[in-house]
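Just so you know, all these numbers are worked out from the coordinates, no wet-lab data involved. If you're wondering where the values come from, they're calculated on a predicted model, not measured in any experiment. So basically every Cβ, Gly included, is an ideal-geometry build from the backbone, and we count neighbours across all protein chains shown.
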Amino acid sequence: MTDPLRPNGPRIIAVANQKGGVGKTTTTINLGAALCELGQKVLVVDLDPQGNASTGLGIEPEDREYTTYELLLDEADLDSVILSTSTDNLHLIPATVDLSSADIELISNEKRSYLLHDALRQPAMSRLDFDVVLIDCPPSLNLLTVNAMVASHSVLVPLQSEFFALEGLSQLMLTIREVRQSANPGLRIEGIVLTMYDARNNLSQLVEADARSNLGDLVFSTVIPRNVRVSEAPSYALPVLAYDTGSKGAQAYRALAAELIKKYEKHAA
Ligand code: ADP
Ligand code: MG
C-alpha cells in the first residue's frame, strides 16, 4: 500500500490490437507471469469471448462460473469472479463465449463505456492489493475494447513482425485518441512490442526498422522471438515461463517485464 510507484491502486494496462493472432493473449499471460516473478501481484482480465487467456492459464470452461460477463453486465462482486491460477500471484477473471453478446447488450446501457472502469474500482480492489491488471482485449475495436481503454492507464500494443503489421495501427491510435477525448484523458500508450520476431527473416528486420523509425521510443527495446515453446505452452495450460523456464520466449518476456518496471521506476523518480 505504501509503494511509491503505485499511489492509487494497481496499474491497469489494456493489451490491444484489433488484428487477431498478433500475440495479445500470449503477451498478457507471459508478461503477467514474468511480472509475478518480479514480485508483483497480477490480475489478468480475459475480455475476449474466445477465452484464450482463460484456457492458457488452465481454467477450463466448466470452471468459469462467474466471468467478465457477470462482472460487466450483472455487477458481480470482484471477489466472486477472480480465480487463482497455477502461477503464484497470477489471478484471472475468466471469459466464455457468453461475452460475445455483451458487445450488443452494452449498446443500450447508458454506462456502456464505463462498466469495466467501475468494476475494477470496486472497494474490494484495494484489499485485493494487485500491482498490475492486464486486460486481454478481443481482436476488434468494439465496445469491449473501448471499455478496456476507458478502464486503463495505458495501452500495450503487440505488433506481429510481418508485412502488414503497421497497417492497422492508425485505426488503433484513432480509437485511443477518441477515448482520450471522451472518457479517459490520461490514457497513455504503454508501448509497442514486436512479437513473433524471426531474426533470420529479413522481413522481421524490416518491420522492426520501420516501427522504430515511425514510432521511436514507443517501441520496446525488447523483442519477442518466434519460439515454438511459446506456442506449445497454452496446451499445457501454463505460461511459457513455467512450461520451459529457460526458453528464448520465457527469457524475452522476463526482459519485457523488467523493461516495463524500469520505465515505471524512471517515471516515479
Ligand atoms: P491474439 O491474442 O492477438 O489473437 P495470440 O497470443 O493468441 O494472438 O497468438 C496467436 C498465435 O500465435 C497463437 O497460436 C500463439 O501460440 C502463437 N504465438 C504467439 N506468440 C508467439 C511466439 N513468440 N512464438 C511462437 N508462437 C507464438
Ligand atoms: Mg487473443
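Note down the nm distance, to one decimal, between modelled labels 7 Å out along Cα→Cβ at ASP129 and at SER213.
5.0 nm
Within region 107-132, what residues put their amide N at less than 17 Å from the label point 7 Å along the Cα-to-Cβ vector of LEU38?
130-132
Taking Cα pairs under 8 Å and at least six residues apart, what relative contact order does region 158-269 come out at, in percent? Present the calculation step by step, with values, prior to reporting the outcome.
Working: 115 pairs, mean separation 24.8, N = 112.
Averaging sequence separation for qualifying contacts and normalising by length gives 22 percent for region 158-269.
With contacts defined as alpha carbon pairs under 8 Å and 6 or more residues apart, what's the relative contact order of the chain in percent? Intermediate values should be presented prior to the final figure.
Values: 515 pairs, mean separation 69.0, N = 269.
Relative contact order comes out at 26 percent.
For region 160-254, what does the alpha-carbon gyration tensor say about shape, rounded, prolate or oblate, given a ≥ b ≥ c as the root eigenvalues, a/c under 1.5 as rounded, and a/b over b/c as prolate?
oblate
Give the shape of the chain as rounded, prolate or oblate, defined through the alpha-carbon gyration tensor: a ≥ b ≥ c are the square roots of its eigenvalues, a/c under 1.5 means rounded, and otherwise the shape is prolate if a/b is larger than b/c and oblate if not. Can you show the working numbers first?
Details: a/c = 1.37, a/b = 1.24, b/c = 1.11.
Rounded is the answer for the chain, as its axis ratio a/c remains below 1.5.
Quick check: net charge around ILE59, other residues with Cβ under 12 Å of its Cβ, Lys/Arg +1 and Asp/Glu -1? List each step's numbers first, then the result.
On the way: positive: ARG64; negative: ASP46, GLU60, GLU62, ASP63, GLU65.
Net charge in that neighbourhood comes out at -4.
Between PRO225, PRO158, PRO61, find the one with the highest GNM mean-square fluctuation for the chain; connect C-alpha pairs within less than 10 Å.
Sorting by GNM fluctuation, first place goes to PRO61.
I want to check a number: in the chain, how many lysine pairs have alpha carbons closer than 24 Å, given a sequence separation of 8 or more or different chains?
Qualifying lysine pairs in the chain: 10.
Work out, step by step, the length gained on full extension between LYS111 and ASN142: first 0.36 nm times the residue separation, then minus their alpha carbon distance; give nm to one decimal. Numbers along the way, then the final one.
Values: separation 31, 0.36 × 31 = 11.16 nm, distance 1.50 nm.
Gain in length upon complete extension: 9.7 nm.
Classify region 86-163 as rounded, prolate or oblate from the Cα gyration tensor: take a ≥ b ≥ c as the square roots of its eigenvalues, call it rounded if a/c is under 1.5, otherwise prolate when a/b beats b/c and oblate if not. Don't jump to the answer; show the numbers that get you there.
Numbers: a/c = 1.63, a/b = 1.07, b/c = 1.53.
Oblate, because a/c is 1.5 or more while a/b does not exceed b/c.
Quick query: amide H of VAL133 versus all other amide H atoms, modeled in the peptide plane; which residues come in under 5 Å with a sequence gap of 5 or more or a different chain?
Placed amide hydrogens put ARG11, ILE12, ILE13, LEU43 under 5 Å from VAL133.
DSSP beta bridges in region 11-268, what fraction antiparallel, as a percent rounded to 5? Mind dumping the intermediate values first?
Working: 2 of 28 bridges.
Taking every DSSP beta bridge with both residues in region 11-268, the antiparallel ones total about 5 percent.
Taking only DSSP H segments of four or more residues, each worth -39500 (n - 2.57), what value at 222 nm results for the chain once the sum is divided by all its residues, to the nearest 500 deg cm²/dmol? Let's see the in-between values first.
On the way: 13 runs with 112 residues, N = 269.
It comes out at -11500 deg cm²/dmol, rounded to the nearest 500.
Please report the spacing between the Cα centers of region 27-59 and region 188-244 in Å, no decimals.
Cα centroid to Cα centroid, the span is 17 Å.
Residue separation times 0.36 nm, minus the C-alpha to C-alpha distance between TYR236 and ASP98: what's the value? List each step's numbers first, then the result.
Details: separation 138, 0.36 × 138 = 49.68 nm, distance 2.43 nm.
Separation in residues times 0.36 nm, less the Cα-Cα distance, equals 47.3 nm.
Just to confirm a number: summing +1 for Lys and Arg and -1 for Asp and Glu over residues other than ASN202 whose beta-carbon lies under 13 angstrom from that of ASN202, what do you get?
On the way: positive: ARG200; negative: GLU162, ASP198, GLU208, ASP210.
Local charge sum for ASN202: -3.
Using the Cβ atoms and a cut-off under 15 Å, what net charge is assigned to the surroundings of GLU105, where Lys and Arg are +1 and Asp and Glu are -1?
Values: positive: LYS111, ARG112; negative: GLU70, ASP74, GLU75, ASP98, ASP103, GLU110.
My count for the surroundings of GLU105 gives -4.
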